[in-house]
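Everything on this sheet refers to the single structure shown next.
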Amino acid sequence: MKDESQPALPVNSQNGNHPETIPSVAVSARALPDNLAVKCPNCRELLVGKDWEKNNHVCPRCGHHFRLSAEQRIELLLDEGTFEELAADLIPTDPLEFVSRSQSYRAKLEDEQAKSGLKESVVAGTGKIEGLPLALAIMDFRFIGGSMGSVAGEKITRAIEKGLEDHIPVLIVSASGGARMQEGLLSLMQMAKISAALARLSEAGVPYISLLTDPTTGGVMASFASLGDVILAEPGALIGFSGPRVVEQFMHQRLPKDTNTSEFVLAHGMIDAIVHRRMLRATLAKLLRLYHNAGRSAVIG
Amino acid sequence: MAYDLEFERPLAELDKRIQGLQRKGDRLKADERAQLRSLEQQLEERTRQIYGNLTRWQRVQVARHRDRPYTNDYIKLICDDYFEMRGDRRYGDDRAIQGGMASIDGKTVFILGHQKGRDLKEKTECSFGLTHPEGCRKALRMMREAERFHMPVITFIDTQGASPGLEDEQRGISQAIAENLEVMPRLHTPILSIVIGEGGSGGALAFGVADRILMLENAIYMVASPEAAASILWRDSAFASHAAEAMRITAPDLLELGLIEQIIPEPVGGAHRNHLEMAETLKAAILENLAELERLPMDVLLEKRYQRYRNIGAFATEPVKAGSGSNR
């Protein structure tokens, strides 16, 4: 039987497929004995689980950035204990009564919920970085490839509205193959909904920082992920509108190795910086400080 | 105009017999003349019957029909004056998006849309209607111009999606689409979008953030083309027809889901059978909708447009257990 657990766009980063290591990243690390050792999908090095975790899930040998769960991302970025979840009660439905060739959408949602412990692909909330408040939404690739349906769209929009209401900066961490097929046009329209909310945020003079992580493609990349006042990316992430395989099929040619990576979009002027995971929190704190102090006169105080 | 879609086979047969009789011209005998009239009647009835019961996948084929009117056909048939504006003033002129200032019943509007191209030469020139970044940026330039001079914007949507080429990535197709999505909700002039054929993915949405979205009866609008959706869902684009059925992509589907405002009826047998009749119906719908939109004060119009999108989404709520949802 074919499965539908794949992201909305074929994802195949330049680092090759991410084999058996992915589940062990995904599931809460501490509990699992098989986290004693993890194989880096990029350089094939066998890593000691504890060292790898301490290294923020980055391969100490080649610098490969493993995907993080939303929970791990919160732990990495926010001041301890400051996260408060928003819209935690939202759950997906099956608005199209999607007729699948394999598993029904409802059954798939239940499966994914059980597997990931998440209700959907986005976790939204508020928190602080070095004492400075922000509203944030974090996509979790484990949940149907981080795909964006109605719930993801709504949670991200609510995070933006929270930023607007409290006049605090908004951070969105993307990790998504794009729009979710099983909710049809409702998914596509989330791009418009979120972008409209961001337009209001922008008009109100509230900063929005977009962080792109592996992978950020499709409708997510072609909407809010590309609309940040500042756009950052983790190294080596797959980033682009189309997946490289789609581009190759369309062009009938092999593409250069770094096509649609963080490095590629930086070189083409689409983002501001590539930030190593160990520097992420400090970089975000710096940006928050700079925005926070904007408009203050240095002389008068 | 041939009947060349598979489900039109009964129509093709009737049509062949009709043409056989018509070739005789004046030499038709009285009983043959009666037969011709009866066959013509049968053809119309069968057409009505078949087109009244199209499956979603059949509608995809009608929406993609090679004789279906395109943006430029409608511009010619609807507008009494037209000046095409070209280029994005940054890099190039994307022929997949065409439009400019036009006059409809003496009223100046901006009209633009996807152009798929009729013959191979035009198709190649227009990239088969697959939008490049320059097309999005050219449209944005026109929309800002429309805003400055208080002209309503009319967009025609007819594309399988944005172009997935290497150069599109290099020149920022994502950024170009995203920018339109951010600007259109706040554009201080009415926007009316009409899906005339295929609406596919971000390449359609970038021209479709509007006060109202209308769809021609046999048009389709989808998150990804049925082929792309099938390969994403089941790793095989051969299941496109299945994806088309599952994704609820037709005008009646989307009206029911509350995602569009109105369905514009097509001539019997589809828009491709009668371009002129289709254009007249479309023109009437455009004028009627614009008149209604223009009556609204700008702040009301913009608030309604915002809420139109803000309220899209289907989800439920469930009680949250105390303590859950925190990271510690």
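The values are calculated or read from the model by the stated rules, or taken from the named source; none is laboratory data. Please read these numbers as outputs of a predicted model, since none were measured by experiment. As a convention, Cβ positions derive from the backbone with ideal geometry for all residues, glycine included, and neighbour counts pool all protein chains shown. Surface areas here come from the heavy atoms of the whole protein model, side chains and all, with no ligands, DNA or RNA. Shrake-Rupley method; radii C 1.70, N 1.55, O 1.52, S 1.80 Å.
Worth a mention:
- Taken over the range A:219-270, the residue count meeting the criterion of being within 8 Å of chain B (Cβ to nearest Cβ) and under 20 Å from A:Ala137 (Cβ atoms) is 8.
- Of the residues in the range A:110-132, not one is on the phi < 0 side of the Ramachandran plot, in contact with an Asp or Glu (Cβ under 8 Å, 6 or more places away or on another chain), surrounded by fewer than 17 Cβ atoms within 10 Å (Cβ to Cβ) and of a type in the set (S, T, N, Q).
- Set side by side, the residues B:Arg212, B:Arg235 differ, and just one is more than 11 Å from chain A (Cβ to nearest Cβ), open to solvent by 10 Å² or more (accessible area, probe 1.4 Å) and either over 22 Å from A:Phe224 (Cβ atoms) or not basic (Lys, Arg) (or both), which is B:Arg212.
- Selection of the range B:125-147 for residues being of a type in the set (S, T, N, Q) and closer than 18 Å to B:Asp73 by Cα yields only B:Ser127.
- Hey, A:Gly81 over 22 Å from A:Ser223 (Cα atoms), at the interface with chain B (Cβ under 9 Å from one of its Cβ atoms) and assigned to a loop (DSSP other than H, G, I, E, B) or not: yes
- Some residue of the range A:217-232 being more than 16 Å from the chain's Cα centre (by Cα) and not aromatic (Phe, Trp, Tyr): yes
- For the range A:89-105, a residue qualifies if it is surrounded by 18 or more Cβ atoms within 10 Å (Cβ to Cβ) and more than 7 Å from chain B (Cβ to nearest Cβ), and exactly one does: A:Tyr105.
- Qualifying residue in the range A:5-15 (condition: open to solvent by 50 Å² or more (accessible area, probe 1.4 Å), within 14 Å of chain B (Cβ to nearest Cβ) and modelled with pLDDT of 70 or more): no
- Considering (1) surrounded by fewer than 15 Cβ atoms within 10 Å (Cβ to Cβ); (2) under 21 Å from B:Gly197 (Cβ atoms), the lone condition that B:Asn274 does not fulfil carries the number (1).
- Flag for A:Leu76 being touching a Phe, Trp or Tyr at 6+ places or on another chain (Cβ under 9 Å) and either assigned to a loop (DSSP other than H, G, I, E, B) or in contact (Cβ under 8 Å) with a residue 12 or more places away in the chain (or both): no
- Annotation: B:Pro319 fulfils all but one of (1) out of contact with any Phe, Trp or Tyr (no Cβ under 7 Å at 6 or more places or on another chain); (2) within 14 Å of another protein chain (Cβ to nearest Cβ); (3) modelled with pLDDT of 95 or more; the unmet one is (3).
- B:Ala229 vs. criteria in contact with a helix residue (DSSP H, G or I) (Cβ under 8 Å, 6 or more places away or on another chain), without any contact (Cβ under 8 Å) to a residue 24 or more places away in the chain and open to solvent by less than 10 Å² (accessible area, probe 1.4 Å): yes
- Residue count for the range A:66-76 satisfying the condition of being more than 10 Å from every other protein chain (Cβ to nearest Cβ) and either crowded, with 22+ Cβ neighbours inside 10 Å or under 14 Å from A:Val123 (Cα atoms) (or both): 4.
- Residue in the range B:313-322 that is hydrophobic (A, V, I, L, M, F, W, C) and open to solvent by less than 10 Å² (accessible area, probe 1.4 Å) present: no
To keep it simple, each residue is scored yes or no on (1) modelled with pLDDT of 95 or more; (2) in a loop (DSSP other than H, G, I, E, B); (3) within 8 Å of chain A (Cβ to nearest Cβ).
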residue	(1), (2), (3)
B:Leu254	yes, no, yes
B:Glu266	yes, yes, no
B:His272	yes, no, no
B:Leu276	yes, no, no
B:Glu280	yes, no, no
B:Leu287	yes, no, no
B:Leu293	yes, no, no
B:Val300	yes, no, no
B:Lys304	yes, no, no
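- Of all the criteria given as (1) more than 26 Å from B:Val268 (Cα to Cα); (2) in contact with a Phe, Trp or Tyr (Cβ under 8 Å, 6 or more places away or on another chain), the one not satisfied by B:Arg95 is (2).
- Note on the range B:173-186: residues that are crowded, with 22+ Cβ neighbours inside 10 Å and either part of a loop (DSSP other than H, G, I, E, B) or basic (Lys, Arg) (or both) total 0.
- Criterion violated by B:Phe128 - all others in (1) within 23 Å of B:Ala229 (Cα to Cα); (2) in contact with a helix residue (DSSP H, G or I) (Cβ under 8 Å, 6 or more places away or on another chain) satisfied: (2)
- The one condition in (1) farther than 21 Å from B:Trp57 by Cα; (2) touching a helix residue (DSSP H, G or I) at 6+ places or on another chain (Cβ under 6 Å) that B:Gly197 fails to fulfil: (1)
- Screening the range A:163-268 for helices (runs of 4 or more DSSP H) wholly inside it with 1 or more residues that are free of Cβ contacts under 8 Å to residues at least 12 places away in the same chain and buried (at least 23 other Cβ atoms within 10 Å of the Cβ) returns the ranges A:184-203.
- Of all residues assigned to the range A:129-141, none qualifies as being in contact with a Leu (Cβ under 9 Å, 6 or more places away or on another chain) and under 22 Å from B:Ala206 (Cβ atoms).
- Selection status of B:Leu140, touching a helix residue (DSSP H, G or I) at 6+ places or on another chain (Cβ under 7 Å) and assigned to a strand (DSSP E or B): no
- For the range B:146-170, the tally of residues that are touching a residue at least 60 places away in the same chain (Cβ under 8 Å) and open to solvent by 50 Å² or more (accessible area, probe 1.4 Å) stands at 1.
- Cβ-Cβ contacts under 6 Å between residues 6 or more apart (or on different chains), taken from a first residue in the range B:44-57 that is modelled with pLDDT of 95 or more to a second residue that is open to solvent by less than 80 Å² (accessible area, probe 1.4 Å) and not aliphatic (A, V, I, L, M), are listed as B:Arg46/B:Pro10; B:Thr47/B:Gly269; B:Tyr51/B:Gly269; B:Arg56/B:Glu245; B:Arg56/B:Thr250; B:Trp57/B:Ser241.
- The set of residues in the range B:218-232 that are closer than 19 Å to B:Asp158 by Cα, in a helix (DSSP H, G or I) and either more than 7 Å from chain A (Cβ to nearest Cβ) or β-branched (Val, Ile, Thr) (or both) comprises B:Pro226, B:Glu227, B:Ala228.
- Residue match in the range B:116-128 (condition: crowded, with 22+ Cβ neighbours inside 10 Å, within 13 Å of chain A (Cβ to nearest Cβ), touching a residue at least 40 places away in the same chain (Cβ under 8 Å) and not in a loop (DSSP other than H, G, I, E, B)): no
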